[in-house]
Every structure is written in structure tokens, then in C-alpha cells.
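Report on the structure given below.
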Amino acid sequence: MAAEQPTTAAGRAHLFRPNQVLRGSLGGIFIVLGLASIVLALGMLVYLVLDVVLRGAPWLDWQFLTSFDSRFPARAGILAALAGTGLMMAMTLALALPIGVMAAIYLEEYARESWLKSFIQINISNLAGVPSIIYGLLGLTIFVRQLGLGRSILAGAMTMALLVLPVIVVATQEALRAVPSSIRDASLALGATKSQTIWHHVLPQAVPGILTGNILAASRAIGETAPLVTIGALTFVPFTPQSIMDRFTVLPIQIFNWTSKPQAEFHDLAAAGIVVLLAVLLTMNSIAIVLRQRAGGGRRR
Amino acid sequence: MVRVSDTSATDGVLGGLMPDLRPSISSPRGVDRPDGRDEIVDPVIEVDHLDLWYGRKHAVGDVSLSFARKQVTALIGPSGCGKSTLLRCINRMNDLIPGVRVQGAIRVDGANIYDRSIDPVEVRRTIGMVFQKPNPFPKSIYENVAFGARINGYRGNMDELVERALRQAALWDEVKGDLKKSGLALSGGQQQRLCIARTIAVNPDIVLMDEPTSALDPIASQRIEDLIRELAEEFTIVIVTHNLQQAARVSDRTAFMLASEDGVGRLVEYGRTDEFFTNPKDDRTEAYITGRFG
């Protein structure tokens, strides 16, 4: 038997130590720490963006967007890189999206639980973390050399597609998993086959999630330089790609090229190039948001 | 079991719309035997020594019972007694759960739906299901009803089919102005009636209902109960319910299931609803319907 317990509420009051002051101030410190972290992170970003924009802005004009690279900073432009990046992204997604989505559908909806499925699943997650230069080496070996595609934009896009595939598969799987099973049950109970259920109900509901995953993947790919350097993208390209077998350059390679030149004017050109790259990225993200809202808007009205 | 839907069969659906043609509720199709127990003369579903396991867990043990054509049969019992599991066996929805094993037979119009030659997809068209929580597709009201008919190759006039199904589910007057509205914009009771409309639009023989009113308020539940009585003119209905009053109100026959100490759900008592509630044969049934447990 422990010491006698007081029987009234007032009698038990001395057993509590509310310590309001200490707990309150700890909460305050917590808020301040959180706020400081945001200010630090955002502050660095704002500083970076401001610096780039201020340095690049004077060079940003129509001439910059519509000219090819040149030895003379005043005549140098970003057209080849912009066209290369645009075409590359379109081809990368055209290759990776159907393959990635189909793979995710199979893994999520059809594959039975087994050690093989777990093994594949773990390795897809691992692949998403593999350094991009490894994909470059793979692309160089298989696409450029074995398949004989040369240092073409097609070989580049196929390499990039490999790079983004794990991201697309994982994002699509998550989107499919988020579709409630009650919808699947409802469709199957009407005599729909599994593929009809997926096609008519599961996939449409997963579209916003799949889109987000794809845009994230594209955002990753658009800034990648290493794999393309590895497969041999050019740094000086005085033409826009005319076919998918042409040689090419992309924005980050062009930017890298300019920053490695000695003249200060080229460094400012690089800043202008970064502004263009950021603008392309933001445009893509906004398109994703619009598409998501449109796809999600049909749900509830 | 496998039958081709023809238009003459769907035309008959309209007959169910006339409430005045309803025979009185208290005439279940059966023959009274001298000992007071009745016999189902025209069973549509015969469950024959059915056992079911979820992995290693034995969930349903040796259940045998028959369901009478165009009657409402209620399955009652406390949580975990296997009544929903049994219901989901009848249209093979349990196949979708990994690790489920079924032994025994369920014959629908004489054909064992667990026979290897039977395609569960076809089983599910002729045996529809309404779920516990209303689950309309996130599409328009029209599309909700039309989907099942479309995938099952319905060749008739879709507008007519949608209207007929919605009328039969007592929803038409509330939604006829805006069939393009999302099914999710309806109230809970309306959503459940939409799910019923969707189910009967594919012209099933049997409609299974898994606690269809447990997520609804009393007024919405009452409308669903009235609807169940009307639908019994046209369809064989099996309803799982937690609500004993509901079972007594809507069903012609009631089956009581109970999990024994080993966790296996078994059939305890089955009979005409009026006798079941007024004169239960088994002590456990009496204890359950008088509220002593469950």
C-alpha cells in the first residue's frame, strides 16, 4: 500500500506541477527556431535568384533567345540549348511516361505479393537514388555504342528516360494506391473486368497524382547535365536539332560552358541562361498545377 | 448461370415500378409443413457445406442454407460472425482478397459458381452488390448508372435504361433535372439509392446488400428499406444487417450466424422472419434477439 491518497480534488492538487512558464517559453523557442530555419533557407534562395536575375537581366532580350552561341558575348544566344532542352524533355516524357505508368499499374494492381515483387520494389526505389552519371555511362554503352544511335538527341532522351523512370513508377504507384478500394469494389461488383476497372475508374482518379510525379521527374531531368555530358552532348552547337538523330546541347550544358570561360561577359550570359532555365521550370510546374486542378475539378461539383 | 440479356427481360423491369401491384409482404414463397417449419420450394441460391479461410483463419464453418427466389433474406449476427463474408461469397467478391480459400459449393439456379469453368466477372453481373458505405463513382449521376450497362455490352436505349433504373431506385424525381451532376454531390441516402440504381441497371437476378443503411440517418434508412421491399418484386435480395428491427421489417426470412469459441462463424438458426422473431428455436437466437448479447 502506497502513502495515503488524498480523497478530494483539492487534496490532490499538490501532486501536479503544471510549470506553465517553462512549458510556455519552450513553445516560444520552438516557434522561433522554426521561423529562423525558414528565413535562412528562403533567404539563401532569394539571394541566389536576385543575384542571377540582376546579372542576367541586361542580357535577356529577343536576340539572346533567338541566336546561337558565339565567340562574341554580344552575339551569343541560347536558341540551340532551348530547342535542345524542349525536344529532349518532350521525347523523354514520351518514352518514360507510358512505360513508367504501365509498369506501376502492373506492380500495383496485378503483381502478387512475393519476394520477387518486393525485390523489384526495393530496387526501383534504389534506382531513384543512383547518381545520374551512372545513367550516363549506361546510355553511352547501350544507346550510343551498342545500338549505334551515336551522340544523338534520341540517345540522350533514352538515357534521360531511364533516369526518370523510377521516379515516375514510384509516383504512379502512390497515386494508384491512393484510389479508395471501394471504387474498385463498386466497379467489379457490376461485372467489370479488372482492366476495365483500372481503365475507367482507377486511372482517371490517379491522374492528378501521376501528373505531379511526371512533372517532378521532368524537373529533375531538365537540370541534369552529367549524363548528357557523358554520352557526349556538345557544348558549342550553332544549329537547332532538325531530326532526332542530330547532335544537340541543352540549357544546363550551355550554362556550364559559359561559366567556364574566362571573360566576365560570359558569366553574365550564364546568369541570363539560368533565368531562362528557371522560367522554363516554373512554366512546367504551373502547367502541372493547372492540369491537376482541371483533373481534380471534375470530381466534385 | 451464364445467360444473355435480351430486351424482353429488361422490359419486365417496368413491372416493378407499380407499387399497387405489390402482393402483401407477409406471403413468403414457401410451403408450410405440418411441423410448422417451411421448405423453400424454388431456391435460387443454395449454399452447400461452405467453409472459408482467410489465410489460416477459419472464418466460416460448414454453412448450408438456401435463399428463396424474389424474397428478402436477412443475415444477422454479432460482429465477426462471418455474415458479410458469407454474403461476399455469393458474388465471389472474396476472390479479390489475397489468401482466401473456399470449400464447398454455392449453386445459383443449379450451377456451382465456384466451378472452375465459371468466370467470376459474369457471376458479378448477374449477382449485384450494394456496399455498406455509399460508393458512387466520382462521375455524373448518368455515368454512374450507365457504366455497368455499357461495359456489359448493353445495346438498347441508354437514356431509357438510366431513367428506368433511377425510377426503380426511387431517385429519379430528385435528380431528373441534372443528371450531369456528380454522384458525390448527392446526400448520403441519395448516394446509396444511386448505388442501388447502378446495381439494378445491369439487370441482375440477385442483389446482395452489405449493411446498406448503416452509414445513413433514420429517414434515409427508412427510404432504403421501403425500396428493398419494392425491389423484392423483381429481384432476390440478401441483406446483411446489424439492425434487428430492420431485419424484422424488411425480410421474409432471417438467418442468424454466430462465431463459436474457436472464432468460426456458423449458421445457428434460419427460418421465416415472423417465426424467427416470435418463436426462436435456439437459445442463442433468443438471447441475441432479446438483446442479451451482441
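The values are calculated or read from the model by the stated rules, or taken from the named source; none is laboratory data. As the structure is a prediction and not an experimental result, all values here were calculated from the model. Glycine gets a Cβ as well: all are built from the backbone with ideal geometry, and neighbour counts include every protein chain shown.
Go through A:Ala161, A:Ala103 for me and flag whichever is more than 14 Å from every other protein chain (Cβ to nearest Cβ) and crowded, with 21+ Cβ neighbours inside 10 Å. If you could, list the steps in order and put the result at the bottom.
Working: A:Ala103 fails: crowded, with 21+ Cβ neighbours inside 10 Å.
So the residue among A:Ala161, A:Ala103 that is more than 14 Å from every other protein chain (Cβ to nearest Cβ) and crowded, with 21+ Cβ neighbours inside 10 Å is A:Ala161.
Residues in segment A:112-133 that are surrounded by 11 or more Cβ atoms within 10 Å (Cβ to Cβ) and not in a helix (DSSP H, G or I): A:Val130 only. Set side by side, the residues B:Ala9, B:Ala59, B:Ala74 differ, and just one is at pLDDT below 90, of a type in the set (A, V, I, L, M) and not in a loop (DSSP other than H, G, I, E, B), which is B:Ala9.
Just one of the listed residues (A:Leu48, A:Leu154) is among the aliphatic types (A, V, I, L, M), without any contact (Cβ under 8 Å) to a residue 40 or more places away in the chain and either out of contact with any His (no Cβ under 7 Å at 6 or more places or on another chain) or surrounded by fewer than 13 Cβ atoms within 10 Å (Cβ to Cβ) (or both), namely A:Leu48. Could we say that B:Arg193 is away from every other protein chain (no Cβ under 12 Å), within 25 Å of B:Glu225 (Cα to Cα), without any contact (Cβ under 8 Å) to a residue 40 or more places away in the chain and surrounded by 21 or more Cβ atoms within 10 Å (Cβ to Cβ) here? Criteria met by B:Arg193. Only one of the listed residues (B:Val100, B:Val123, B:Val145) is at pLDDT 95 or above and either in contact with a Ser or Thr (Cβ under 7 Å, 6 or more places away or on another chain) or within 14 Å of chain A (Cβ to nearest Cβ) (or both). That residue is B:Val145. Exactly one residue out of A:Thr212, A:Thr240, A:Thr225, A:Thr249 is modelled with pLDDT under 90, away from chain B (no Cβ under 12 Å) and buried (at least 21 other Cβ atoms within 10 Å of the Cβ): that is A:Thr249. Filtered by the rule that a residue be among the aromatic types (Phe, Trp, Tyr) and more than 14 Å from A:Ile244 (Cα to Cα), segment A:132-170 gives a lone residue, A:Tyr135.
Picking from B:Asn144, B:Asn94, which residue would you name as being crowded, with 18+ Cβ neighbours inside 10 Å, in contact with a Phe, Trp or Tyr (Cβ under 9 Å, 6 or more places away or on another chain) and under 25 Å from A:Ala111 (Cβ atoms)?
Numbers: B:Asn144 fails: under 25 Å from A:Ala111 (Cβ atoms).
Only one candidate qualifies: B:Asn94.
Residue by residue through segment B:89-117, note down the ones that are within 19 Å of B:Lys70 (Cα to Cα) and not in a loop (DSSP other than H, G, I, E, B).
Filtering segment B:89-117 down to residues within 19 Å of B:Lys70 (Cα to Cα) leaves B:90-91, B:106-111.
Scanning segment B:89-117 gives B:Ile90, B:Ile106, B:Arg107, B:Val108, B:Ala111.
Take A:Ala218 and decide whether it is within 14 Å of chain B (Cβ to nearest Cβ), crowded, with 21+ Cβ neighbours inside 10 Å and under 23 Å from the mean Cα position of the chain (by Cα). Please lay out each step first, then the result.
Working: within 14 Å of chain B (Cβ to nearest Cβ): no; crowded, with 21+ Cβ neighbours inside 10 Å: yes; under 23 Å from the mean Cα position of the chain (by Cα): yes.
When the stated conditions are applied, A:Ala218 does not pass them.
Of all residues in segment A:171-185, those satisfying the criterion of being surrounded by fewer than 18 Cβ atoms within 10 Å (Cβ to Cβ) and more than 14 Å from chain B (Cβ to nearest Cβ) are A:Glu174, A:Arg177. Filtering segment A:186-195 to residues that are surrounded by fewer than 18 Cβ atoms within 10 Å (Cβ to Cβ) and either more than 8 Å from chain B (Cβ to nearest Cβ) or in a helix (DSSP H, G or I) (or both) leaves A:Lys194, A:Ser195. Looking only at residues of segment B:163-190 that are within 18 Å of B:Met129 (Cα to Cα) and not in a loop (DSSP other than H, G, I, E, B), we find that the one that is nearest to the other protein chains (Cβ to nearest Cβ) is B:Gly183.
In this structure, does B:Leu166 turn out to be over 15 Å from B:Asp226 (Cβ atoms), within 19 Å of the chain's Cα centre (by Cα) and of a type in the set (A, V, I, L, M)? Considered against the rule, which asks whether it is over 15 Å from B:Asp226 (Cβ atoms), within 19 Å of the chain's Cα centre (by Cα) and of a type in the set (A, V, I, L, M), B:Leu166 comes out as yes.
Considering segment A:73-131, and only residues there that are of a type in the set (Ser, Thr, Tyr) and in contact (Cβ under 8 Å) with a residue 24 or more places away in the chain, the residue that is farthest from A:Gln242 (Cα to Cα) turns out to be A:Tyr110. Is it the case that some residue within segment B:216-233 is of a type outside the set (Ser, Thr, Tyr), in a strand (DSSP E or B) and in contact (Cβ under 8 Å) with a residue 60 or more places away in the chain? Taking every residue of segment B:216-233 in turn, none turns out to be of a type outside the set (Ser, Thr, Tyr), in a strand (DSSP E or B) and in contact (Cβ under 8 Å) with a residue 60 or more places away in the chain.
Across segment B:196-234, what is the number of residues that are buried (at least 23 other Cβ atoms within 10 Å of the Cβ) and farther than 21 Å from B:Gln245 by Cα? Residues meeting the conditions: 9.
Considered as a group, the residues in segment B:128-142 that are within 9 Å of another protein chain (Cβ to nearest Cβ) and either part of a helix (DSSP H, G or I) or among the basic types (Lys, Arg) (or both) include one that is nearest to the chain's Cα centre (by Cα), and that residue is B:Lys133.
Residue-wise test of (1) surrounded by fewer than 22 Cβ atoms within 10 Å (Cβ to Cβ); (2) part of a helix (DSSP H, G or I); (3) at pLDDT 85 or above.
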{"residue": "A:Leu203", "(1), (2), (3)": "yes, yes, yes"}
{"residue": "A:Ile244", "(1), (2), (3)": "yes, no, no"}
{"residue": "A:Trp258", "(1), (2), (3)": "no, yes, yes"}
{"residue": "A:His267", "(1), (2), (3)": "yes, yes, yes"}
{"residue": "A:Val275", "(1), (2), (3)": "yes, yes, yes"}
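Just a yes or no: is a residue in segment B:141-158 among the acidic types (Asp, Glu), out of contact with any Leu (no Cβ under 6 Å at 6 or more places or on another chain) and closer than 16 Å to A:His200 by Cβ?
In the first step, residues of segment B:141-158 are kept if they are among the acidic types (Asp, Glu); the result is B:143.
Filter again for out of contact with any Leu (no Cβ under 6 Å at 6 or more places or on another chain), leaving B:143.
From what is left, the residues that are closer than 16 Å to A:His200 by Cβ are B:143.
Looking through segment B:141-158, at least one residue is among the acidic types (Asp, Glu), out of contact with any Leu (no Cβ under 6 Å at 6 or more places or on another chain) and closer than 16 Å to A:His200 by Cβ.
Counting only helices (runs of 4 or more DSSP H) that sit completely within segment A:1-111, those holding 3 or more residues that are within 28 Å of A:Gly209 (Cβ to Cβ) and of a type in the set (Val, Ile, Thr) correspond to A:79-105. Based on what the data block shows, is B:Arg125 part of a helix (DSSP H, G or I), within 27 Å of B:Thr241 (Cα to Cα) and in contact (Cβ under 8 Å) with a residue 60 or more places away in the chain? So B:Arg125 passes the test. Selection of segment B:103-120 for residues being under 22 Å from B:Tyr54 (Cβ atoms) and within 12 Å of another protein chain (Cβ to nearest Cβ) yields only B:Pro120.
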